[in-house]
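Asker: Next up is a structure, given as structure tokens.
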Amino acid sequence: MKLNAIEQELLETIADLHKIPTGAVNIRKNGEGILRHSSANIEVRPKSDKPGIDVIVAPNTKNEAVHIPVMITMSGVKDVVYNTIVIGEGADVTVVAGCGIHNSGMEKSQHDGIHEIIVKKGARMRYIEKHYGSGQGSGERVLNPQTLLTMEENSIVEMELVQIKGVDSTIRDTKAKLAKGASLVVTERLLTHGNQKAVSDMTIELIGADSNAQVISRSVAKDNSKQVFRPIIIARERSKGHVECDSILIDHGKISSTPAITAEHPDAQLTHEAAIGRIAEEQLLKLMTLGLTEEEAEDVILRGFLQ
Amino acid sequence: MLKLESVELQIANGNENVSILKDINLELEDNKFYALTGPNGGGKTSLAKVIMGIYKNNKGKIIFDGRDITNLSITERAKAGISYAFQNPPRFKGMKIKDILRISSDNNSLRARLRAVGLCPQDYLDRECDTSLSGGEMKRVELATVLSRPSKIVIYDEPEAGVDLWSFENLLQLIRDHHNKSNVISIVITHHERVLSLADEIILLADGKIVDRGPSDKLLPLLRTDSRCCWEDNCGGNDNEIKCY
Ligand SMILES: Nc1ncnc2c1ncn2[C@@H]1O[C@H](COP(=O)(O)OP(=O)(O)O)[C@@H](O)[C@H]1O
Ligand SMILES: [Mg+2]
């Protein structure tokens, strides 16, 4: 299979793919699977009843990755996809999802990815989802991911949710349920510019004893863009949770962040913090004393912050 | 040579202007090591910031090697060879120590630069310059960012603050080596008698004015008798330091 320059750029940006990976992979373009293969331990198969795939990772699979990027390169596409990912007991794998839209036309292009992820007992998963939009067209680039994560006993998940740039509108809905001893870290990085809008809702339920979750969200709203964050951690058992939202405003960006914590058990320990503000003046000054211009300094600070 | 002519600085505080620096006249010669001292709030940091361009003087001129730099931006002054190690260096979320070292100089020997300030590169290169670093660690990183820059003037704002006594002598040696190697004007803002005694000249700044200035061997005994710290009796402080007014 040959990729053109735009497809190449999208894949590199959202999935760090510089060539077609040799392991388990599914690449979806403009609503159709264009490349799919399984590996010995990771099966990738299309769903029979609706668009989307099942990714089945065999128990005890170690150090493997599966790439399931989505590209939209045409204007006026609305793609809805249902993916189910099951990580077998004791496995340790990386899942690289992500979506890139290149819209150079006038019509809206939209991708709604609905992911159901089950991480079995004692398994570990690193999940990376990057979103990116490009193209000069006036047509909107819209991404609405829904993720439903079920974590079984003693499983470990690290999620990195990143929206790099160019996405006009996003409504992100993430739900997670953690069984006994499960551990979840979600890091979210978001940059909006122009007139973009981003909403992120997250509900994490600590259902089993000694489970723990951390949500660390960092975002930058530039120009006239708007962002809303509503992460909630609910502790139903003896468990620990921490939510942190940290945002920088540039120009006329607007951000609302309301991290919430709910304890339904006397031994729950939950904390939250949120901060919104401009770049600290002293940071700009310091970098300027090292010879950077104000614009260069701002750029360096934001890149570090969103790393 | 750096020359300040009738420099004044006012800063707006609420709806009135407070006078911070008053008619400062100062000539600093190449290759000399200056210690700038005086009570807290005397204006030392403000003077450093005026030289760096962080504060804009309301009156007077700053002449650097014959060139009027009064209207140059911070960036332009940095490029012209003025360096300033902050008294309270800011923290950066997400920026690694190696990142800020790279910004400060394209000299690639990051490890050597960290070792020089007493930070083990193995442990520190990938640490973030955020609030997880202690005050003393941050001061060392700050020093590392300044020492590798090609400078003609280097101002160190209380480099000893937060640094443990044992490392202090090493840091001081580092500053002196840099001074001797690079033909710079060094200005160390300090309360430390050891630094004062090593300086070619001491400048005493109080209440926004230059109160006295002279060679270390003349001024230091004066400072010792006149303005010796009396914390010893009051609060058990260290009598190596200059009295607070
Ligand atoms: N940005 C500022 N805004 C208001 N007051 C300031 C500002 N910077 C300095 N000052 C005031 O100027 C005086 C001198 O401060 P500073 O230069 O930091 O003194 P030093 O470094 O000698 O302790 C102090 O009274 C301080 O409160
Ligand atoms: Mg000071």
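Asker: Scanning the stretch B:135-159 for residues that are free of Cβ contacts under 8 Å to residues at least 40 places away in the same chain and surrounded by 22 or more Cβ atoms within 10 Å (Cβ to Cβ), which turns out nearest to ligand 2 (Cβ to nearest atom)? Steps first, answer last, please.
Answerer: Step one: filter the stretch B:135-159 for residues free of Cβ contacts under 8 Å to residues at least 40 places away in the same chain, giving B:135-137, B:140, B:147.
Right, trim to surrounded by 22 or more Cβ atoms within 10 Å (Cβ to Cβ) and you get B:140, B:147.
Working: B:R140: 18, B:L147: 20 Å.
Here the answer is B:R140.
Asker: Please indicate, with yes or no, whether at least one residue in the stretch A:182-189 is buried (at least 20 other Cβ atoms within 10 Å of the Cβ) and in a loop (DSSP other than H, G, I, E, B). Lay out the reasoning, then the answer.
Answerer: So in the stretch A:182-189, the residues buried (at least 20 other Cβ atoms within 10 Å of the Cβ) come out as A:182, A:184, A:186, A:188.
If we keep only those that are in a loop (DSSP other than H, G, I, E, B) as well, we get A:182.
Scanning the stretch A:182-189, I find at least one residue that is buried (at least 20 other Cβ atoms within 10 Å of the Cβ) and in a loop (DSSP other than H, G, I, E, B), so the answer is yes.
Asker: Can you tell me which condition A:G277 does not meet? The list is (1) under 24 Å from the mean Cα position of the chain (by Cα); (2) touching a residue at least 60 places away in the same chain (Cβ under 8 Å), and all the others hold.
Answerer: Of (1) under 24 Å from the mean Cα position of the chain (by Cα); (2) touching a residue at least 60 places away in the same chain (Cβ under 8 Å), only one is false for A:G277: (2).
Asker: With the condition being buried (at least 21 other Cβ atoms within 10 Å of the Cβ) and within 12 Å of another protein chain (Cβ to nearest Cβ), I'd like the strands (runs of 3 or more DSSP E) fully within the stretch A:232-307 carrying at least 1 qualifying residues. Lay out the reasoning, then the answer.
Answerer: On the way: elements: A:240-249, A:254-257, A:260-263, A:269-277.
Those strands (runs of 3 or more DSSP E) span A:240-249.
Asker: Let me confirm something: among A:N30, A:N103, A:N63, which residue is surrounded by fewer than 24 Cβ atoms within 10 Å (Cβ to Cβ), touching a strand residue (DSSP E or B) at 6+ places or on another chain (Cβ under 7 Å) and either aromatic (F, W, Y) or farther than 16 Å from A:Y127 by Cα (or both)?
Answerer: Residue meeting the stated conditions: A:N30.
Asker: Pull up the stretch B:65-88, narrow it to residues that are open to solvent by less than 10 Å² (accessible area, probe 1.4 Å) and away from ligand 1 (no atom under 16 Å from the Cβ), then point me to the one that is farthest from the other protein chains (Cβ to nearest Cβ).
Answerer: B:I69
Asker: Continuing with this model, one more query. Within the stretch B:89-109, can one find any residue that is more than 14 Å from chain A (Cβ to nearest Cβ), open to solvent by 10 Å² or more (accessible area, probe 1.4 Å) and more than 20 Å from the chain's Cα centre (by Cα)?
Answerer: Yes - at least one qualifying residue is present in the stretch B:89-109.
Asker: Among the numbered conditions (1) within 11 Å of ligand 1 (Cβ to nearest atom); (2) over 19 Å from the mean Cα position of the chain (by Cα); (3) open to solvent by 60 Å² or more (accessible area, probe 1.4 Å), tell me where B:N15 comes up short.
Answerer: In the conditions (1) within 11 Å of ligand 1 (Cβ to nearest atom); (2) over 19 Å from the mean Cα position of the chain (by Cα); (3) open to solvent by 60 Å² or more (accessible area, probe 1.4 Å), B:N15 misses (1) alone.
Asker: Test of understanding: among A:S219, A:S211, which residue is within 14 Å of chain B (Cβ to nearest Cβ) and either within 18 Å of the chain's Cα centre (by Cα) or of a type in the set (S, T, N, Q) (or both)?
Answerer: A:S219
Asker: Another one. For B:D30, only one of the following conditions fails: (1) open to solvent by 20 Å² or more (accessible area, probe 1.4 Å); (2) within 25 Å of B:H192 (Cα to Cα); (3) within 12 Å of ligand 1 (Cβ to nearest atom). What is its number?
Answerer: Tallying (1) open to solvent by 20 Å² or more (accessible area, probe 1.4 Å); (2) within 25 Å of B:H192 (Cα to Cα); (3) within 12 Å of ligand 1 (Cβ to nearest atom), B:D30 fails exactly one: (3).
Asker: Residues in the stretch A:238-254: is at least one within 24 Å of the chain's Cα centre (by Cα), among the charged types (D, E, K, R) and within 28 Å of B:G81 (Cβ to Cβ)?
Answerer: Within the stretch A:238-254, the subset within 24 Å of the chain's Cα centre (by Cα) is A:240-250, A:253-254.
From the residues that got through so far, the ones that are among the charged types (D, E, K, R) too are A:240, A:244, A:246, A:254.
Keeping just the survivors that are within 28 Å of B:G81 (Cβ to Cβ) gives none.
No, every residue in the stretch A:238-254 fails to be within 24 Å of the chain's Cα centre (by Cα), among the charged types (D, E, K, R) and within 28 Å of B:G81 (Cβ to Cβ).
Asker: A further question on this structure: Kindly list, by first and then second residue, each pair from a residue in the stretch B:36-54 that is within 12 Å of chain A (Cβ to nearest Cβ) to a residue that is within 10 Å of ligand 2 (Cβ to nearest atom), limited to pairs with Cβ atoms under 6 Å and residues at least 6 apart or on different chains.
Answerer: Note: pairs meeting the criteria are B:A48/B:D157.
The values are calculated or read from the model by the stated rules, or taken from the named source; none is laboratory data. Every value quoted in this text rests on a predicted model; they were computed, and no experiment measured them. With ideal geometry, Cβ positions are generated from the backbone for all residues, glycine too; neighbour counts draw on all protein chains shown. Surface areas here come from the heavy atoms of the whole protein model, side chains and all, with no ligands, DNA or RNA. Shrake-Rupley method; radii C 1.70, N 1.55, O 1.52, S 1.80 Å.
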